[in-house]
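Read-outs: derived from the displayed coordinates by stated rules, not from any lab. This is a predicted model, so every value here is computed, not measured. When we count neighbours, we look across all protein chains shown, and the Cβ atoms used for this are built from the backbone with ideal geometry, even at glycine.
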Amino acid sequence: MPLPRAPLMSLDEALGRLLAHIQPLSGTESVATYEADRRVLADNLVSALQVPAFDNSSMDGYAVRSADWVQSSSVLRVTQRIPAGHMGQALSSGEAARIFTGAPIPPGADAVVMQEDAEVLDTGGLTQIRVRGVPSPGQWIRRSGEDVQRGATVLAAGTRLGPAELGLAASLGLARLTVAARPRVALFSTGDELVMPGDVEPAHMPPGAIFNSNRFFLKALLHRMGCEVSDLGIVSDRRDATISALKLAAEHHDLILTSGGVSVGEEDHVKPAVQALGHLDLWQISMKPGKPFAYGQLRRLNAAGKAHFVGLPGNPVSSFVTFLLMVRPVLLKLQGVEPPALRPLRLPAHFDLAQGDKRREFLRARRNRSGGIEIFPNQSSGVLTSMVWGEGLVDNPPGQSISRGDLVDFIPFSDWLA
Ligand code: AMP
Ligand code: MG
């Protein structure tokens, strides 16, 4: 007799239950700002200085006193030259200072005339300029503090550091940053059919064997999420070996991630091994691709706390999409980041879907040149070409058919992979 099927759980409910088990990791680390790309800031970053630190010119040109134009005088004596990195002298009425981009505005000056608007008059020894137009006070001056004010919180704890954030931190003089600990993740693959690329030539694959592809994209995804990854290979087909591998992994990792072997009624050693070492929940999530999902916790013998266990479905597209929707929020939360809600774009469908699936479906899709959304013709959960062709997923509610021109929710992969 087949076992009665567990009722399907909505994705939102599954994610809520999953995240309820996750607490941010306690450790922090000091890293060089230069090496901090993709890390998560552990503390608010408060500026100890003004940026820019002083009023400076945003143009190559002449620093002037706009009050000199009251007498509509437009010919000025050039009495000094101020390159970037040098301080000028106070400017008196009737004078201009040759100035370069980034150089401090001299006292008395309140505007910069760009060199294109100044005509240099050759008057024998004395340099004079004639200015076209009337400069307004403040023009071409970058004010002290216009970027950052002293005491301002420029980046909040929980911010994921990217190129712009690192540049901003460096502009405050910060050579090191305190960041959240990296989640330590152990990656296992399951399945007797799996062969590692490189172990067997493609032409000599045994019948029924397939290459292990999940390992490659899961590791890349984990790295993008700032994790430290231990690749523990393919789980052996011996129960005792599986138990000892998991036991060891639990001691030194925050998360053990497997793919494959979570389908109903499947023969494999991971599920009973996790049960023997801790606790395992098997969920059927109302999503496609995806559906079978396992969450568990493994006791540690020699270290404090427990290791989280997540078992993803084996089909490559299911594994990938379930990672984005379920594992990514876990990794964010472990690093102290509140997982953000999905922010789909509403875009017109340039395809028809006669019959929506019973489950919430995530269709591999991309934008065409006219701004409409097209879907990959083969949406099977084993077809990795759909992920490469696609630029994102259409999030389609259960049972919903789609006609050309309907607005659909499109989530670009860049939202997840940035
Ligand atoms: P399972 O979830 O173990 O029943 O696997 C579902 C499908 O995914 C089967 O066709 C497996 O061969 C395939 N599969 C499982 N693990 C991997 C993997 N690491 N790489 C590629 N395909 C896999
Ligand atoms: Mg399997």
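Antiparallel as a % of all DSSP beta bridges within the chain, to the nearest 5? Intermediate results must be reported in sequence, preceding the final value.
Values: 59 of 86 bridges.
Of those bridges, close to 70 percent are antiparallel.
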Order the peptides 309-318, 16-25 from the highest to the lowest mean number of other Cβ atoms within 10 Å of their residues.
-> 309-318, 16-25
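Rank by packing, highest mean first: peptides 98-109, 284-295, with packing defined as the count of other Cβ atoms within 10 Å averaged across residues. Can you show the working numbers first?
On the way: 98-109: 19.9, 284-295: 22.5.
Ranked from most to least packed, the peptides come out as 284-295, 98-109.
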State the Kirkwood hydrodynamic radius of region 345-417 in Å, one decimal place, computed from all pairs of distinct Cα atoms.
-> 12.1
Label residue 87 and residue 352 with points 7 Å out from Cα along Cα→Cβ: what is the distance between them in nm?
-> 7.7
For all pairs of alpha-carbon atoms in the chain, what percent lies in each bin of width 10 Å, listed from the first bin to the last filled one?
-> 4, 17, 20, 17, 13, 10, 9, 6, 2, 0, 0
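Just subtract the alpha-carbon distance of residue 116 and residue 414 from 0.36 nm times their residue separation and send over the number in nm, one decimal. Please report the intermediate quantities before stating the final value.
Working: separation 298, 0.36 × 298 = 107.28 nm, distance 4.21 nm.
The span from residue 116 to residue 414 would gain 103.1 nm if fully extended.
Test of understanding: what is the full-extension gain from residue 77 to residue 43, defined as 0.36 nm times their sequence separation minus their Cα-Cα distance?
Details: separation 34, 0.36 × 34 = 12.24 nm, distance 5.16 nm.
Length gained, residue 77 through residue 43: 7.1 nm.
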Extreme residue, positive dipole direction of the chain, given options 45, 380, 208 (C-beta unit charges) = 45
Calculate, in nm to one decimal, what residue 19 and residue 368 gain on full extension: separation in residues at 0.36 nm each, minus their alpha carbon distance.
-> 122.1 nm
Residue-by-residue Karplus 3J(HN,Hα) for region 30-36, coefficients 6.51, -1.76, 1.60, Hz, glycine and proline x | 9, 10, 5, 3, 4, 10, 9
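About its Cα centre, what dipole magnitude does the chain give when the only charges are +1 on Lys and Arg Cβ and -1 on Asp and Glu Cβ, stated in debye to the nearest 20?
On the way: 41 positive and 42 negative charges, 114 e Å.
My answer is approximately 540 debye.
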Could you pull out every residue, at least 5 positions away or on a different chain, whose amide H is within less than 5 Å of the one on residue 211? Hs are placed 1.01 Å off N in the peptide plane, and Pro or chain starts have none.
-> 195
Using only Cα atoms, locate the centre of region 280-355 and the centre of region 88-107, then give the distance between them in Å, rounded to an integer.
-> 60
Hey, rough spin-label estimate for residue 236 and residue 157, points 7 angstrom out along Cα→Cβ, what's it come to in nanometres?
-> 4.5
Amide H proximity to residue 37 below 5 Å, modelled H, separation 5+ or other chain, gives none
